[in-house]
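The values are calculated or read from the model by the stated rules, or taken from the named source; none is laboratory data. Values in this document were obtained by computation on a predicted structure and should not be read as measured data. For neighbour counting, all protein chains shown are included, and Cβ atoms are generated from backbone atoms with ideal geometry for every residue, glycine included.
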Amino acid sequence: MEFFQEIGLFLAEAVILVTAIIVVIIAIAAASQRRKGGEEGYIEVRRLNDRYTAFHDAVRSFTEHAETRKVREKAEKKSAKAEQKQARQQAKEEAGNEDGKQGDGRLFVLRFQGDIRASETESLREEISAIAPELRAGDEVLLCLESPGGMVHSYGLAASQLHRIRATGASLTVAVDKVAASGGYMMACVADRIISAPFAVIGSIGVLAQLPNFHRLLKKNDVDFELLTAGKYKRTLTMFGENTDDGRAKFVEDLEDTYDLFKDFVVLNRPVVDIEAVATGEIWYGQRALDQNLVDELATSDAYLQTRLGEIEAFEVRYVPKKSWQEKFGMAAEAGIERTFLRLWQQGASRFLP
């Protein structure tokens, strides 16, 4: 039985390798096609009040007594007529108001799932461009943010996109259910208000850089590496050349400067934090982050959203990029590889379980 298990694992690994090669080839072809034809997409908007009401009604249809339902539906129809009359009156008032700032606020919900390159910044930019002309005083934008951080310039751009929301006069709330660390917190601190789940990971205000150096390996095997530059600090550290103390010192100096810029950015956007206490590279879970003023409230994004749905109209806005069939196939293959790896890991881990 042990022999057949090993054979099975070997075949699975072979399938993974072949599939990975195919995915890479398809991804290269898809990227080439995008460069030729351009990338298009569309904005998708859905009214969340209707969505959550439908969910509630689905459950209530099984739990509510028939007579009670009749009384409730009659009351709801009466209430709906009154709301329609009020909406018509409000529309007239807004039409007669020159600056168009009257009326109740609205909630626009955006989502950002961050990776090391902050790849969703492009979608975030399109979503903000779509809602910015519509935003007015009294409106709120809720960004459901999840990110462990990544490249400084990528997350700097993402944070700058959020400043566009603040510039409209609308309020910005960021909700973190799992993690907003490093570049993720750089984005979060732009908000008027930060909400965190009790065990979400918050903070990691710091900068790091790391790279391997193969110079000794190349030298041992009599392989020369030449790097030609113009400018004393055009390249400070390299992977293949011999690094110098002067180059290392300059590299650290640049890291420290980036670190200072990060701290200044947090202070500018969230002056309530004691920056010297929190800018140590440490992370805090939700409750501890609240104690450090890194967040303003403990709640999940779902709890906050459902509370607001009872008070305001809410719309989820999402940019949907157009994908070629190669990209769709690649995503399906990638998901299949992830599932296979997970199964293999679970099988391997099960051998060590009682």
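Applying a threshold of 7 Å to beta carbon distances and a minimum spacing of six or more residues, or different chains, the list of pairs starting in the stretch 281-299 at a residue that is of a type in the set (A, V, I, L, M, F, W, C) and ending at one that is outside any loop (DSSP other than H, G, I, E, B) and surrounded by fewer than 18 Cβ atoms within 10 Å (Cβ to Cβ) reads L290/L298; L298/Q287. Residues of the stretch 243-278 that are polar (S, T, N, Q) and more than 21 Å from T173 (Cα to Cα): N243, T244, T258. Can you find a residue that is within 30 Å of A303 (Cβ to Cβ) and among the aliphatic types (A, V, I, L, M) anywhere in the stretch 228-249? No; the residues of the stretch 228-249 include none that is within 30 Å of A303 (Cβ to Cβ) and among the aliphatic types (A, V, I, L, M).
For the stretch 238-259, the candidate set comprises residues that are more than 24 Å from the chain's Cα centre (by Cα) and closer than 22 Å to Y155 by Cα; within that set, the residue that is surrounded by the most Cβ atoms within 10 Å (Cβ to Cβ) is F251. Residues in the stretch 29-55 that are at pLDDT below 75 and surrounded by 11 or more Cβ atoms within 10 Å (Cβ to Cβ): A29, A30, A31, S32, Q33, R34, E39. With the structure loaded, tell me whether R164 is of a type in the set (D, E, K, R) and within 20 Å of D291 (Cβ to Cβ) or whether it fails that test. For R164, the condition - of a type in the set (D, E, K, R) and within 20 Å of D291 (Cβ to Cβ) - is not met.
Restricting the search to the stretch 224-236, which residues are at pLDDT below 90 and hydrophobic (A, V, I, L, M, F, W, C)? Listed by number, the residues that qualify are F225, L227, L228. When the helices (runs of 4 or more DSSP H) confined to the stretch 253-354 are screened for residues that are modelled with pLDDT of 95 or more and farther than 30 Å from D50 by Cα, those reaching at least 3 such residues are found at 275-278, 286-291.
Pairs are defined by a Cβ separation below 9 Å, a sequence spacing of at least 6 or placement on different chains, a first member in the stretch 130-153 that is farther than 18 Å from V174 by Cα, and a second member that is in a helix (DSSP H, G or I) and at pLDDT 95 or above; the pairs so defined are G150/G183; G150/G184; M151/G183; V152/G183; V152/M186; V152/T258; V152/L261; V152/F262.
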